[in-house]
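> Questions regarding the structure given below will be posed in turn.
The values are calculated or read from the model by the stated rules, or taken from the named source; none is laboratory data. These numbers come from a predicted model, not from an experiment. Cβ placement follows ideal geometry from the backbone for every residue including glycine, while neighbour counts extend to all protein chains displayed. Heavy atoms of the whole protein, side chains included, go into the accessibility calculation; ligands, DNA and RNA do not. Shrake-Rupley method; radii C 1.70, N 1.55, O 1.52, S 1.80 Å.
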Amino acid sequence: MTLETIDIIIISLYAFALLGIALFVSREPKGHHKDTADYFLAGRALPWWAIGASLIASNISAEQIIGQSGQGYAVGIAIAAYEWQAALVLIIVAKYFLPIFLKREIYTMPQFLAQRYGEGVKTLMSVFWVALYTAVNLTTVLWLGGLAVTSLTGWGIMGSMAALATFAALYSIYGGLKAVALTDIIQVIILILGGLAITWIALDRLSGADGALAGLGMLMQEMPGHFTMILDDDHPAYGDLPGIWTLLGGLWVLHFSYWGFNQYIIQRALGAESLGEAQKGLAFAAFLKILVPFIVVIPGIAAVMLASQGVLDGQVLGARSDSTYGELMAMAPAGLRGLVFAALIAAVVSSLASMMNSISTIFTMDLYRSWKPDRAETHYVTVGRLAAFSAMIIALFLARPFIGGFESGFQTVQEYTGFIAPGVVVVFLLGFFDRRMNTAGAFTALIGSVVVNVALKFGMPDVPFIIRIWGVFMLSLVAAAVVSRMTARPEDARTVRLGDIAFATTMLFNTLALAVVAMLVGLYILLW
């Protein structure tokens, strides 16, 4: 299916409007040059509506629309647990965590870790987050976005990804967070309109249904298995969504890691003009999260019945569920297809722009500035722009070999971020609420989380990753608290160097002990 002239006109209008607005809001008063607060935190002047809209536009990316639509096709409404739990987590973050971050006037999450635990923990997590955002998040969004563009236009996958990357770079690299956040208002409006259009078209095309609402009722009646929130243990997708553990287990760890301690998300709140504006922005985002499954997951469920009725190619969808959304887009009529295509582009490029900005912020403020601390503010802004551009180029070449081989891009992101998520949540939570938590405990949680997760993934591959993450989180929590109480108090521990033999030995011993305990617990779960 190709784009008609009217579709191209609509997409072009969207692209030029977005670029024009981005350049307009990026202007500075005559004689003023962007400093780091202007570029990385939008001058700390973002209102609540911009924060909330930008959070959703950044979150609902290609991995969200395409990946969750594919999971809707393969699994059903159970995947919506990711969205509805996130709404509650956003409220908790707004109430309890934001006051701590904004009081410290930090630019990045690693800067909080530096204030609480010292430079060693900050450097470790800065390197990790830059690598994760570049090699996993950017690549996934590029790949899934490229798949949908290719499905509709017939372009090659590399050409599609290059076009998306170029567009995102053009409107975001110059203006920084201000350009990204304020243009996300347009992105969210187009995204919601386009998503609703796809949902309506998919439900309306169901044979035997008199309209979209009747189509939804027919889906719920004839496909009850796809409207079950808790999967049975014999369900093919139980490994990704393990029944009641989806609602009670490791998914909460992933949510707090993503929505509470993730630079890519929380940076918008750090750029708020006040704590009240930041909290209202997160509450607005929580409201929008509740609506997301209706424009993302429901169309994927409808695609199952459309394929059985011969409207969609069931062989294509069965071979790769991530192609579901692209196939649904091709059903839209000329004109509306252009709006839907613009909505997909909006989702992809807003996420790409946000990730580039976060990568450049961490790289510049936490790594480069530590190495070159006495340079001019404009120098750091230039470094940030170069870092954003370089990350996009790297991700463009990593996307096909790294993400292209996985069945579901959405679940791939959850699994890989889950390796470190338990340690991240432990370090921040105990950093907030446990005065005795120290540097040794932080390293134990972070390194132990990765070691144990990797050991369990390859040693016990049948354990669902959500259960694995929950177990590793509980073990990391206990290990970090115990190690902190066996070593120096926080004010003394911050001076410890990784090269210190006693410290390294303690950390290694506890990490290995944590791994052994986790393996035994995993074995018990399997046998039980």
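> In the set Ala163, Ala135, which member is more than 22 Å from Tyr380 (Cβ to Cβ) and at pLDDT 90 or above? Steps first, answer last, please.
On the way: Ala135 fails: at pLDDT 90 or above.
Only one candidate qualifies: Ala163.
> Being free of Cβ contacts under 8 Å to residues at least 40 places away in the same chain and either open to solvent by 10 Å² or more (accessible area, probe 1.4 Å) or within 18 Å of Ile185 (Cα to Cα) (or both) narrows it down to one residue among Arg27, Arg116, Arg44; which is it? So that I can check it myself, show each step before the final result.
Details: Arg116 fails: free of Cβ contacts under 8 Å to residues at least 40 places away in the same chain; Arg44 fails: free of Cβ contacts under 8 Å to residues at least 40 places away in the same chain.
When all the criteria are applied, what remains is Arg27.
> State which residue is farthest from Gly154 (Cα to Cα) when the search covers only segment 1-14 and only residues that are surrounded by fewer than 17 Cβ atoms within 10 Å (Cβ to Cβ) and either within 24 Å of the chain's Cα centre (by Cα) or not charged (D, E, K, R) (or both).
Quick first cut of segment 1-14, residues surrounded by fewer than 17 Cβ atoms within 10 Å (Cβ to Cβ) only: 1-2, 4-6, 8-9, 12-13.
Next, from what is left, pick out any that are either within 24 Å of the chain's Cα centre (by Cα) or not charged (D, E, K, R) (or both): 1-2, 5-6, 8-9, 12-13.
Working: Met1: 8, Thr2: 7, Thr5: 16, Ile6: 18, Ile8: 14, Ile9: 18, Ser12: 18, Leu13: 21 Å.
Going through the qualifying residues, I end up with Leu13.
> Kindly check whether there is at least one residue in segment 199-214 that is in contact (Cβ under 8 Å) with a residue 24 or more places away in the chain, outside any loop (DSSP other than H, G, I, E, B), open to solvent by 10 Å² or more (accessible area, probe 1.4 Å) and of a type in the set (S, T, N, Q).
Yes, because at least one residue in segment 199-214 is in contact (Cβ under 8 Å) with a residue 24 or more places away in the chain, outside any loop (DSSP other than H, G, I, E, B), open to solvent by 10 Å² or more (accessible area, probe 1.4 Å) and of a type in the set (S, T, N, Q).
> Let me ask something else about it. From Gly276, Gly300, grab the single residue that is buried (at least 21 other Cβ atoms within 10 Å of the Cβ) and closer than 27 Å to Ile189 by Cβ.
Details: Gly276 fails: buried (at least 21 other Cβ atoms within 10 Å of the Cβ).
The unique qualifying residue is Gly300.
> Of the residues Tyr73, Tyr39, which single one is closer than 30 Å to Leu147 by Cβ and assigned to a helix (DSSP H, G or I)? Lay out the reasoning, then the answer.
Working: Tyr39 fails: closer than 30 Å to Leu147 by Cβ.
Result of the check over Tyr73, Tyr39: Tyr73.
> Among the residues of segment 452-489, write down those that are open to solvent by less than 20 Å² (accessible area, probe 1.4 Å) and either among the acidic types (Asp, Glu) or closer than 19 Å to Arg435 by Cα (or both).
Ser476, Ala479, Ala480, Val483, Ser484
> For the list (1) under 23 Å from Leu203 (Cβ atoms); (2) open to solvent by less than 10 Å² (accessible area, probe 1.4 Å); (3) under 24 Å from the mean Cα position of the chain (by Cα), I need the number of the one condition that Ser323 fails.
(2)
> For residues that are open to solvent by 60 Å² or more (accessible area, probe 1.4 Å) and in contact with a helix residue (DSSP H, G or I) (Cβ under 6 Å, 6 or more places away or on another chain), scanning just segment 390-411, find the one that is modelled with the highest pLDDT.
Ile394
> In segment 19-36, which residues are closer than 17 Å to Thr364 by Cβ and part of a helix (DSSP H, G or I)? Full working, then the answer.
Applying the first criterion (closer than 17 Å to Thr364 by Cβ) to segment 19-36 yields 33-36.
Matches in segment 19-36: Thr36 only.
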